[in-house]
Amino acid sequence: MGFKPNLEFSAAYIAHSAFRIIQIVLALTVVGLYGVDLHKANREHKYSDGKWVYAVVTASLSAPTALAYLIPFIHRIPFLFVWDSILFVLWIALFGIFGKMYIHENPEGNGGIKRMKNAVWVDLVNALLWLVSAVGMAGYWWRSRGTRTKWTGRARV
């Protein structure tokens, strides 16, 4: 009887960890996709476009956040879903900015435009993952609030 809850917890934690690792990988992918253009602009002594900087900053906020969520029991921090919601809004804005620029663009063999068209869809997947995370964290918070003491979180009320 005592073995089954531990097994269920382990399966849930493994699924949670896999979800967060996917978020980390996709955030680092975005850093790489947009960082190429930032590096090229820096190498040519041109200005860095704010849109590309925004993309890298958004991804740079997301990757450590997903990494921090891999720490067991960090999800018990109240209102953590608010930060996930903010990251969702940042990602959806990023998708809107670059989607408007590249979704209807014809690459005509241009590798840079093909890369950016692919980056737009990675942005959308990131936005959806952070939406799922925000809804899941809000659901967890809503379900668990009031069931444990507010001071230590150990005793059931």
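General remarks:
- Sole residue being part of a helix (DSSP H, G or I) and in contact with a His (Cβ under 8 Å, 6 or more places away or on another chain), chosen from M137, M116: M137
- The residue of the stretch 107-133 that is farthest from D84 (Cα to Cα), among those that are within 11 Å of the chain's Cα centre (by Cα) and small (G, A, S), is A127.
- For Y13: the one exception among (1) in a helix (DSSP H, G or I); (2) out of contact with any helix residue (DSSP H, G or I) (no Cβ under 7 Å at 6 or more places or on another chain); (3) over 22 Å from R143 (Cβ atoms): (3)
- Qualifying residue in the stretch 98-109 (condition: touching a residue at least 12 places away in the same chain (Cβ under 8 Å), among the charged types (D, E, K, R) and part of a helix (DSSP H, G or I)): no
- All of (1) crowded, with 17+ Cβ neighbours inside 10 Å; (2) at pLDDT 90 or above hold for L28 with one exception: (1).
- Subset of the stretch 31-76 [assigned to a loop (DSSP other than H, G, I, E, B), surrounded by fewer than 19 Cβ atoms within 10 Å (Cβ to Cβ) and within 12 Å of the chain's Cα centre (by Cα)]: none
The values are calculated or read from the model by the stated rules, or taken from the named source; none is laboratory data. Everything quoted here is computed from the prediction, not taken from an experiment. Note: ideal-geometry Cβ built from the backbone for every residue, glycine included; neighbour counts use all protein chains shown.
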